[in-house]
Amino acid sequence: MRIRAAVPAELPLLQDIERAAGEPFRSLGMAAVADDDPLPLDVLESYRRAGRAWVAVDSADRPVAYLLTDTVDGAAHIEQVSVHPDSARRGVGRALIEHLADAAGHQGLKALTLTTFAEVPWNAPYYARLGFRPLADTDPALTEGLRAISRAEAAHGLSAWPRVCMRREVG
């Protein structure tokens, strides 16, 4: 498996990957998550143009997963990581996150952060296995930027299920 920057022609494929990756939420009673629209093409293009969209590709150089990142309060924040279910449980998501960790270290960023569902097995428990720790409300690492992301997600309806901010130190 190879990781590389996304190219413009692949952006609709990223939307397809996100839709497919959302389907398993339906079995947990989270149909609203499964039915949520993927990020619009113009938003994906802005990540791509800024060098903040990576894809994991198969042997035919076709994306099977992707990761989008922002910088939030001095950390590389994982905005989105999606793996097509046909490629799940093969270390693809882990490889994308490790790619980001390496890039973040080279940029002088000290941590990776993300927000996720606390009780979904392939969310918070998975990230904990990758070295992320949950941030309590009183944790100084729960920055104002992460709090703002959490508020925006709640406004989008994601707080209907328990959410958590997580952090992993780089290096």
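Things worth noting here:
- Residue under evaluation ALA76, criteria (1) open to solvent by less than 40 Å² (accessible area, probe 1.4 Å); (2) more than 13 Å from the chain's Cα centre (by Cα); (3) among the hydrophobic types (A, V, I, L, M, F, W, C), criterion not met: (2)
- Test: residue in region 43-52 that is closer than 13 Å to ARG4 by Cα and assigned to a loop (DSSP other than H, G, I, E, B): yes
- In the set ARG89, ARG94, only one residue is basic (Lys, Arg) and part of a loop (DSSP other than H, G, I, E, B); that residue is ARG89.
- Single residue of region 10-31 satisfying the filter (among the aliphatic types (A, V, I, L, M) and open to solvent by less than 70 Å² (accessible area, probe 1.4 Å)) that is farthest from VAL120 (Cα to Cα): LEU11
- Residue within region 56-68 that is out of contact with any helix residue (DSSP H, G or I) (no Cβ under 8 Å at 6 or more places or on another chain), open to solvent by 60 Å² or more (accessible area, probe 1.4 Å) and of a type in the set (Asp, Glu) present: yes
- Unmet requirement for PRO85, which otherwise passes all of (1) closer than 18 Å to GLU23 by Cα; (2) crowded, with 23+ Cβ neighbours inside 10 Å: (2)
- So LEU114, is it farther than 24 Å from ASP36 by Cβ and either of a type in the set (S, T, N, Q) or open to solvent by less than 30 Å² (accessible area, probe 1.4 Å) (or both): no
The values are calculated or read from the model by the stated rules, or taken from the named source; none is laboratory data. What you are looking at is a predicted structure, and each value in this text was computed from that prediction instead of being measured. We place every Cβ from the backbone using ideal geometry, glycine too, and count neighbours over all the protein chains shown. Note: areas computed on protein heavy atoms with side chains; ligands, DNA, RNA excluded. Shrake-Rupley method; radii C 1.70, N 1.55, O 1.52, S 1.80 Å.
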